[in-house]
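What follows is a set of notes on a single structure, which appears directly below.
Nothing in this text is a laboratory measurement; each read-out follows from the coordinates by a stated rule. Since the structure is predicted, the reported quantities are computational estimates derived from the model, not experimental observations. Virtual Cβ from ideal backbone geometry, glycine too; neighbours counted across all protein chains shown.
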Amino acid sequence: MPSAYHNSYEAGLRIRDIRTYPLTVPIAPDIQKTAAGNFAEVSALVVELLTDDGRSGWGEGLVRFGPQAGAAFVRQVLAPKLVGADPFEVERLWPEMARSVSGRSGGLVIEALSAVDIALWDLMGQSLGVPIHRLLGSTGRTHVAAYASAISWGPLEIALQQVEDNLAHGFRLLKVKLGAPVEAALARAAALAERVNGRARLCADANWAFDVADAQRLARGLAELDYYWLEEPIVPEDIEGYRRLAASSPIRLAAGESDFTARGAKDLIAARSVSIIQPDVARSGGITETRRIASLAHAFHVHYAPHMGFSGAICAAASLQLAAAMPNFLTFECMFFDNPLRDRMTREPVGSARRLEGGELRVPQGPGLGIEVDRHALKDMEARG
Ligand SMILES: [Mg+2]
């Protein structure tokens, strides 16, 4: 005889339809210069899963350079596997969706899949009336530590002003963008450390600007200046380079924002090449895979620090839910500049520096992601063409 639970599953939630919202918005071009360049606009893909009982689950995929292509992939390839499915069966749906991409995959398709996965978790939380961090098993954190990201690699006067603004906001950890050559990077790092003068801790992000030899010189210099970590000093593909660097580097290394899935993160973590793993929930494979990455890291005594970058409010909410659940969470990347994707996507801004309380951000406590998506704003920000 089927159990009562079995019967309630049978009668449970089903996905009825899927909508996609490819978004592109302009951002202030000079505020966030990095070693990888400037960005005049940012994009994201928002996915809405509609259920037969009238709920909407929301997800976001990073899909920075092709939101319409990501939307087409979701509608044409993933949607047929999702319509009629039970959102609670995420561990069946995830590999089934991944199989639509033959061979080893990453890039746009896993970013689009990430959006679907986050929406599935939103539906699970909503249907039980609990925030996602409680579904995952919570640490009980209602607020999480956040750091300011990121002090520009543009002119020094701009960088110094950003330092002062972020200290005034109450940040206790500031991330600094650095680029080649090493001499310029170290001069900048020293100038900013002098200005901060013990009022906060600093860390640095090089956005792949160096080879291993120069990264070693940079790591030594930053350690002398007491920087907390050095992020992505070399290209993400150079796993052996990270291993060598970690063996000789006196400073913590951080990476992972450029990688996909737990299998992609495995080598950096298992070799202890990084002290901090930084998956982006809107890129890595959603909450399902990011939880796996953070758990794997926990087993190897590696910290988990969610990557946010230019993502929107749904990514911020999903990252805050994970931050409240993962025991090895370290600090949340709080972007301090205006980004309409983050500031307008929901009725209440999520993960914004303006919402900082004593250097920490509040974890949304409503059901699912704990947000209310603003459909008018989505329509307004939809990518044309
Ligand atoms: Mg980075």
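Table for the structure above
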quantity: Overall form of region 97-195 per C-alpha gyration tensor (a/c, 1.5; a/b vs b/c); calculated: oblate
quantity: Separation of the A98 and F337 label points, Cα + 7 Å toward Cβ, nm; calculated: 3.4 nm
quantity: Residues A36 and A191, FRET efficiency given R0 of 22 Å [Cβ-Cβ distance, rounded to 0.05]; calculated: 0.55
quantity: Residue-by-residue Karplus 3J(HN,Hα) for region 200-212, coefficients 6.51, -1.76, 1.60, Hz, glycine and proline x; calculated: 7, 9, 10, 9, 9, 10, 9, 6, 6, 6, 10, 8, 4
quantity: Neighbour-count order for I314, I110, I239, fewest beta carbons within 10 angstrom listed first; calculated: I239, I110, I314
quantity: 5 angstrom amide H check on R55, placed H, neighbours 5+ away; calculated: none
quantity: Using alpha-carbon coordinates, inclination of helix 182-196 to the longest axis of the chain, degrees; calculated: 90 degrees
quantity: Contour excess over end-to-end distance, with Cα ends at A299 and R199 and 0.36 nm allotted per residue; calculated: 32.7 nm
quantity: Three-way shape label, region 134-381, alpha-carbon gyration tensor, a/c 1.5; calculated: oblate
quantity: Placed amide H near V42: partners under 5 Å, 5+ positions off or other chain; calculated: V25, I27
quantity: Residue-averaged [θ]222 nm for the chain, counting only DSSP H segments that reach four residues, each worth -39500 (n - 2.57); calculated: -12000 deg cm²/dmol
quantity: Which of I158, I15, I287 has the fewest Cβ neighbours within 10 Å, and the rest in rising order; calculated: I158, I15, I287
quantity: K266 paired with D211, simple spin-label distance in nm, labels 7 Å along Cα-to-beta-carbon; calculated: 3.1 nm
quantity: Calculated FRET efficiency for the pair E164/D226, C-beta based, R₀ 35 Å, to 0.05; calculated: 0.95
quantity: Vicinal HN-Hα couplings computed from phi for region 88-100 (Karplus, 6.51 cos²θ - 1.76 cosθ + 1.60; Hz; Gly/Pro x); calculated: 5, 8, 4, 6, 8, 5, 4, x, 5, 5, 5, 5, 5
quantity: Relative exposure of K379, K33, K177, judged by other C-beta atoms within 10 Å (fewest first); calculated: K379, K33, K177
quantity: Projected label distance in nm at E372 and E348, using a 7 Å step from Cα toward the beta-carbon; calculated: 0.9 nm
quantity: Degrees, to the nearest 10: 261-270 long Cα axis against longest axis of the chain; calculated: 40 degrees
quantity: Under-5 Å amide H pairs with L178, H placed in peptide plane, nonlocal only; calculated: A35, D205, A206
quantity: Separation of alpha-carbon centers, region 250-309 and region 56-118, rounded to whole Å; calculated: 20 Å
quantity: 3J(HN,Hα) from dihedral phi, region 219-233, Karplus parametrisation 6.51/-1.76/1.60, rounded to Hz, x for glycine, proline; calculated: 4, 5, x, 5, 5, 5, 7, 6, 5, 6, 8, 10, 9, 6, x
quantity: Degrees between helix 286-299 axis and first principal axis of the chain (Cα, 0 to 90, nearest 10); calculated: 50 degrees
